[in-house]
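*Asks:* Got a structure for you, questions after.
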Amino acid sequence: MIYFLTVNYYSSELIAKLIGSLPVDRSIECTTLIINNSPDDDSIRELNNESVQVLDAGYNMGFGRACNYGMKWIYSQDSQAVVWIINPDAYLSDNSLEKINLFFQSYPEISILGTIIHTPKDEIWFAGGRFISKTGKIKTEDLLTNTDAPYIICDWVSGCSLIVNLRNFYDCPQFDDAYFLYYEDFDFCRRYANQGYLIAVTKDFGVLHQPSSITNRYLSRKISHSTYSYLLTLERYTNDFIFTIRLLRLFVYAFILIFIRPKVAFGKFYGLLMYSRQSTQRTKMKPLYQ
């Protein structure tokens, strides 16, 4: 069974396009699950049918929590399923469900699989993620163009197109609720990689993605969540020295942007404030768990 899992936040038209791009293969069971983070968006319910189900979150719980809600529902239905998490502003092109099933039959060792992602202009948007812990650099890197290998092991893959092979997990895999938006995919991959699960990326199938077609509607909010999540990630996966250097660099850059792009600067400063508040709260709570 293959489940396509996507999150709606006032993006019904984009999700309709995504659903329209999904291949029809009656020999393979396939369900699309939409977690609705915008409960007053009535148009999303028009997409309900035999192969599409909408679950209302009740409020905007963020990307990671919404995916957790969907993953738990899927896991309760079929703990052996393949779950393809896909952005609402992405869609498939010339893919077959049989190809996906054959891939995991051939390479069952893979637990979390990213796919190659192109823009509508056929430019590569994602083809692998690397993490350099000594410098704290989180980067994308084209690992797929110059290889014929079916997959390449990497440090992290994009949540825009991320496939989870549930049969490899003893319980339902989950994103960390501390992330509202951005870097939850990196944290998801690193946590499970550290537990011995295999993370890889493939070009055997992929998606087309319209970058930031949703989040750019809310620029300051986007920047604030990205800044907060970036700092949280550095705190978890680098040392104090690297964290401090990158924090200072971020602060200086935000100050410069006040005179150039004030909305971006405001978003960065608010993200810094969010992180400071949450960090203080986590420090106060630590004795409770000692």
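*Asks:* Among TYR218, TYR230, TYR197, which is closer than 30 Å to ILE110 by Cβ and surrounded by fewer than 19 Cβ atoms within 10 Å (Cβ to Cβ)?
*Replies:* It is TYR197.
*Asks:* Here's something else I'd like to know. Could you please let me know if ASP78 is over 26 Å from PHE169 (Cα atoms) and in contact (Cβ under 8 Å) with a residue 40 or more places away in the chain?
*Replies:* Working: over 26 Å from PHE169 (Cα atoms): no; in contact (Cβ under 8 Å) with a residue 40 or more places away in the chain: yes.
Considered against the rule, which asks whether it is over 26 Å from PHE169 (Cα atoms) and in contact (Cβ under 8 Å) with a residue 40 or more places away in the chain, ASP78 comes out as no.
*Asks:* Return yes when LEU166 is in contact with a Gly (Cβ under 6 Å, 6 or more places away or on another chain), more than 30 Å from THR280 (Cα to Cα) and surrounded by 19 or more Cβ atoms within 10 Å (Cβ to Cβ) and no when it is not. Talk me through it step by step, then tell me what you get.
*Replies:* Details: in contact with a Gly (Cβ under 6 Å, 6 or more places away or on another chain): no; more than 30 Å from THR280 (Cα to Cα): yes; surrounded by 19 or more Cβ atoms within 10 Å (Cβ to Cβ): yes.
Criteria not met by LEU166.
*Asks:* Ok, one more. Looking at (1) modelled with pLDDT of 95 or more; (2) surrounded by 14 or more Cβ atoms within 10 Å (Cβ to Cβ); (3) among the β-branched types (Val, Ile, Thr), which is the only condition VAL252 fails?
*Replies:* (2)
*Asks:* Test of understanding: among GLY58, GLY70, which residue is part of a helix (DSSP H, G or I), of a type outside the set (Asp, Glu) and within 24 Å of LEU33 (Cα to Cα)? Explain how you work it out, then say what you get.
*Replies:* Values: GLY58 fails: part of a helix (DSSP H, G or I).
Only one candidate passes the filter, namely GLY70.
*Asks:* Name the pairs whose Cβ atoms lie under 7 Å apart, with the first residue in segment 240-261 and among the charged types (D, E, K, R), the second not in a helix (DSSP H, G or I), and 6 or more positions between them or separate chains?
*Replies:* Taking only residues 6 or more apart or on different chains, the pairs are ARG246/GLY136.
The rows are residues; the columns are (1) part of a helix (DSSP H, G or I); (2) assigned by TED's automatic domain parsing to the domain that holds ALA149; (3) more than 19 Å from the chain's Cα centre (by Cα).
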position	(1), (2), (3)
ILE199	no, yes, no
LYS222	yes, no, no
SER229	yes, no, no
PHE259	no, no, yes
VAL264	yes, no, yes
GLY267	yes, no, yes
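*Asks:* Let me ask you something else. Just give me the residues in segment 73-95 being buried (at least 16 other Cβ atoms within 10 Å of the Cβ), small (Gly, Ala, Ser) and outside any loop (DSSP other than H, G, I, E, B), in sequence order.
*Replies:* ALA90
*Asks:* Would you check which residues across segment 11-47 are among the hydrophobic types (A, V, I, L, M, F, W, C) and part of a loop (DSSP other than H, G, I, E, B) and list them? Please lay out each step first, then the result.
*Replies:* Residues of segment 11-47 that are among the hydrophobic types (A, V, I, L, M, F, W, C), as a first pass: 14-16, 18-19, 22, 24, 28, 30, 33-35, 44, 47.
Matches in segment 11-47: LEU22, VAL24, ILE28.
*Asks:* Could you grab the pairs with beta carbons closer than 6 Å, sequence gap of 6+ or different chains, first residue in segment 222-235 and within 14 Å of LEU248 (Cα to Cα), second one assigned to a helix (DSSP H, G or I) and among the basic types (Lys, Arg)?
*Replies:* Cβ pairs passing all conditions: THR227/LYS268; LEU234/ARG246.
*Asks:* Moving on. Pick from segment 31-51 the residues that are within 21 Å of the chain's Cα centre (by Cα) and within 23 Å of GLU98 (Cβ to Cβ): which of them is surrounded by the fewest Cβ atoms within 10 Å (Cβ to Cβ)?
*Replies:* THR31
*Asks:* Okay, moving on. Being part of a loop (DSSP other than H, G, I, E, B), more than 22 Å from MET1 (Cα to Cα) and charged (D, E, K, R) is the filter here; which residues of segment 130-182 pass it?
*Replies:* Passing the criteria: LYS134, GLU141, ASP142, ASP148, ASP155, ASP176, ASP177.
*Asks:* Related question: For segment 96-118, give me each residue that is part of a loop (DSSP other than H, G, I, E, B) and either outside the structural domain of GLY159 (by TED's automatic domain parsing) or closer than 18 Å to SER21 by Cβ (or both).
*Replies:* Residues of segment 96-118 part of a loop (DSSP other than H, G, I, E, B): 96, 107-109.
Passing the criteria: only SER96.
*Asks:* Does segment 119-129 hold any residues that are under 27 Å from GLY70 (Cα atoms) and outside any loop (DSSP other than H, G, I, E, B), and which are they? Steps first, answer last, please.
*Replies:* Here is the first cut: in segment 119-129, the ones under 27 Å from GLY70 (Cα atoms) are 119, 125-129.
Correct list: TRP125, PHE126, GLY129.
The values are calculated or read from the model by the stated rules, or taken from the named source; none is laboratory data. Owing to the predicted nature of the structure, the values given are computational and were not obtained by experimental measurement. Reconstructed Cβ throughout: ideal geometry from the backbone, glycine too, with neighbour counts over all protein chains shown.
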